[in-house]
Amino acid sequence: QVQLVESGGGLVQTGGSLRLSCAASIRLFSIYSVAWYRQAPGNQRELVAVITSAGATNYADSVLGRFTISRDNAKNTVYLQMNSLKPEDTAVYYCNAHITGVDYWGQGSQVTVSS
């Protein structure tokens, strides 16, 4: 059974930084693309960043230049480094991987940015 376990959320002031981690319970996690989504209260879940198996990355315009997605294949873990955080980044963040036809999600990590 595939599990994605997130860690690293929390409360930070405007301009601060946080790093989220998404650890997978399977081997060969490296062959799958992984994405980070976020959902703020009253809003739809939105794509934040994605990294492919080859390491190519793509970002939402709202986080471009501030967030960095990366992966450590030896640890089966994907990271989201978030810098220059803004109050509008406040949301629950989810990692996601589409593995053998099934969408898997992490449990969600609350990120709160105070003004």
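The values are calculated or read from the model by the stated rules, or taken from the named source; none is laboratory data. It should be emphasised that the depicted structure is a prediction, and the values quoted were computed from it without experimental measurement. Cβ atoms come from the backbone with ideal geometry, glycine included; neighbour counts cover every protein chain shown. Note: accessible area is taken over every heavy atom of the protein model, side chains too, but ligands, DNA and RNA are not part of it. Shrake-Rupley method; radii C 1.70, N 1.55, O 1.52, S 1.80 Å.
Observations on the structure shown:
- Only the Cβ atoms of Lys and Arg (+1) and of Asp and Glu (-1) were treated as charged; on that basis the dipole of the range 20-97 about its Cα centre amounts to roughly 220 debye.
- GNM result for the chain, Cα springs below 10 Å: residue of 14, 77, 100 fluctuating most strongly: 100
- Of the trypsin sites (Lys or Arg not before Pro) in the range 1-97, the ones in a loop by DSSP (not H, G, I, E or B) with at most 12 other beta carbons within 10 Å are 27.
- Cβ-defined net charge surrounding residue 30, 12 Å radius [Lys, Arg +1; Asp, Glu -1]: +2
- The range 49-67 residues near the modelled residue 26 label - backbone nitrogen below 17 Å, point 7 Å along Cα→Cβ: 51-54
- Local charge for residue 6 was computed over the other residues whose Cβ lies under 13 Å away, with Lys and Arg +1 and Asp and Glu -1, and equals +2.
- Legend: residues 46, 6, 88, sorted from most to least accessible area (1.4 Å probe; ligands, DNA and RNA excluded), read 88, 46, 6.
- Extension gain (nm, one decimal) between residue 75 and residue 40, 0.36 nm per residue minus Cα-Cα: 9.7 nm
- Of the solvent-accessible surface of the chain, computed with a 1.4 Å probe and all protein chains present, 48% belongs to carbon and sulfur.
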